[in-house]
Amino acid sequence: MKPVSRDLLLMLGLILAGLVPAHAQYPAKPVRLIVPFPPGGGTDTLARIYGQKLGELLGAQVLIDNRPGGGTNIGAEIAAKAPGDGYTTLMGNISHAINVSLYNKLGYDLVRDFAPVSLLASTPNILVVHPSIPARSVKELIALARSRPGQLDYASSGSGTSAHLSAELFSTMAGVKMTHIPYKGGGPAVIALTGGQVSVGFATTPSVIGHVKSGKMRGLAVTTAQRSPSTPDLPTISEAGLPGFEAGTWYGLLVPATVPKDIVARLNTESLKILKMQDVKERLDTAGFETLGSTPEQFGVYIRTEIDKWGKVVRASGVKAE
């Protein structure tokens, strides 16, 4: 039997190398994590904690890319139209499910254009007021709003965000009228609240918990059905005056729909590892998050359920994108 020539071995090596998909070496460069809000809000806080750990597990830097505006639609559209190579990811949240019904036309389709990776975390919103507002409970705020119809302004992180829909749900159930002041993210909304430019807010726990504890804002209640471990002294809005009120915010990782399934699986595996890390859980707990985690399939079902749920709220409230 003749020995195999060196040239033939080289040729076979090149052929076999060509059969190996390029994404087998993933990641070979930094991964971009698009945050559809400016720095400072709950989504950005989670993205930075999660992104740091994801980079360590992947062995590649994860770059936070803040793309605020359009009620989270600018960042989402950029992510939807990115190459399906796994190097562009999106920190999705409840706003994306709400926007399906809130906007007449979007530059992307949340279900068709994205592959879900994993649910990551959730957090209640906190009903807060500026200290100058003479209301120290939910019932007192309702009474004040009724005595000043349209005169109380409330800040939100943008039209269609959970903060906006929480306030609209509150106003409808309480029979009050407040004026919506949308900002391009939780950070700017919080600045307006602490500065007294607006009176009321339904902000994510991570964005305001420090201000509530320092006295720069007065926390009245949380929006979820149960009290939050991070703010155990705050009642729920339901128990404080509006029985049945419930709202909150969730976050999850999305990638363009064309990303190969093995990369989606890798990102899911690493995400679940991150959520089980003790230091991550402690940081997220302190910031007011509850860690979740899911399979891509479970997250996909959840997204479709949320689209249906908030579609009903949008239609019932008559809220339109501003």
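Output the residues belonging to the stretch 104-119 that are of a type in the set (S, T, N, Q) and within 17 Å of VAL314 (Cβ to Cβ).
ASN104
Is it the case, given these coordinates, that GLU56 is over 24 Å from PRO182 (Cα atoms) and either among the hydrophobic types (A, V, I, L, M, F, W, C) or modelled with pLDDT of 95 or more (or both)?
So GLU56 fits the description; yes.
Would a scan of the stretch 310-322 turn up a residue that is under 30 Å from LYS184 (Cβ atoms) and at pLDDT 95 or above?
No, because not a single residue in the stretch 310-322 is under 30 Å from LYS184 (Cβ atoms) and at pLDDT 95 or above.
Out of the stretch 120-144, which residues are outside any helix (DSSP H, G or I), closer than 20 Å to ARG218 by Cα and open to solvent by less than 20 Å² (accessible area, probe 1.4 Å)?
Scanning the stretch 120-144 gives THR123, PRO124, ASN125, ILE126, LEU127, VAL128, VAL129, ILE133, ALA135.
Considering ASP85, ASP65, which residue is at pLDDT 95 or above, farther than 30 Å from SER199 by Cβ, within 18 Å of the chain's Cα centre (by Cα) and among the acidic types (Asp, Glu)?
It is ASP65.
For the stretch 145-171, which residues satisfy the criterion of being open to solvent by 20 Å² or more (accessible area, probe 1.4 Å) and either aliphatic (A, V, I, L, M) or on the phi > 0 side of the Ramachandran plot (or both)?
GLY150, LEU169
So which residues in the stretch 267-289 are open to solvent by 30 Å² or more (accessible area, probe 1.4 Å), touching a helix residue (DSSP H, G or I) at 6+ places or on another chain (Cβ under 8 Å) and touching a residue at least 40 places away in the same chain (Cβ under 8 Å), if there are any at all?
Passing the criteria: LYS273, MET277, ARG283.
Working only within the stretch 95-113, note down all residues that are buried (at least 23 other Cβ atoms within 10 Å of the Cβ) and of a type in the set (A, V, I, L, M, F, W, C).
ALA97, ILE98, LEU102
Which residues, taken from the stretch 157-182, are at pLDDT below 90 and not in a helix (DSSP H, G or I)?
SER157, GLY158, SER159, GLY160, THR161
Can you give me the number of residues within the stretch 213-235 that are open to solvent by less than 50 Å² (accessible area, probe 1.4 Å) and closer than 17 Å to ALA135 by Cβ?
Qualifying residue count, the stretch 213-235: 10.
Name every residue in the stretch 6-37 that is open to solvent by less than 50 Å² (accessible area, probe 1.4 Å) and either at pLDDT 90 or above or within 16 Å of ARG266 (Cβ to Cβ) (or both), in order of residue number.
Passing the criteria: TYR26, PRO27, VAL31, LEU33, ILE34, VAL35, PRO36, PHE37.
Condition first: within 25 Å of ASN73 (Cα to Cα) and in contact with an Asp or Glu (Cβ under 9 Å, 6 or more places away or on another chain). Can you find one or more residues in the stretch 212-222 that meet it?
Scanning the stretch 212-222, I find no residue that is within 25 Å of ASN73 (Cα to Cα) and in contact with an Asp or Glu (Cβ under 9 Å, 6 or more places away or on another chain), so the answer is no.
Kindly indicate whether GLY59 is over 20 Å from the mean Cα position of the chain (by Cα) and either surrounded by fewer than 19 Cβ atoms within 10 Å (Cβ to Cβ) or among the hydrophobic types (A, V, I, L, M, F, W, C) (or both).
yes
What number of residues within the stretch 182-194 satisfy the criterion of being open to solvent by less than 50 Å² (accessible area, probe 1.4 Å) and either in contact with a Lys or Arg (Cβ under 9 Å, 6 or more places away or on another chain) or on the phi < 0 side of the Ramachandran plot (or both)?
8
Could you check the stretch 281-308 and list, in sequence order, the residues that are touching a Ser or Thr at 6+ places or on another chain (Cβ under 8 Å), of a type outside the set (Phe, Trp, Tyr) and in a helix (DSSP H, G or I)?
LYS281, LEU284, ASP285, THR286, ALA287, PRO296, ILE307
When you go through LEU242, LEU254, LEU220, LEU272 one by one, which is the residue that is hydrophobic (A, V, I, L, M, F, W, C), part of a loop (DSSP other than H, G, I, E, B) and modelled with pLDDT of 90 or more?
After ruling out the rest, the residue left standing is LEU242.
The values are calculated or read from the model by the stated rules, or taken from the named source; none is laboratory data. Source: prediction; values computed, not measured. Positions of Cβ are generated from backbone atoms using ideal geometry, with glycine treated the same way; all protein chains shown enter the neighbour counts. These area figures cover heavy atoms from the full protein model, side chains too; ligands, DNA and RNA do not enter into them. Shrake-Rupley method; radii C 1.70, N 1.55, O 1.52, S 1.80 Å.
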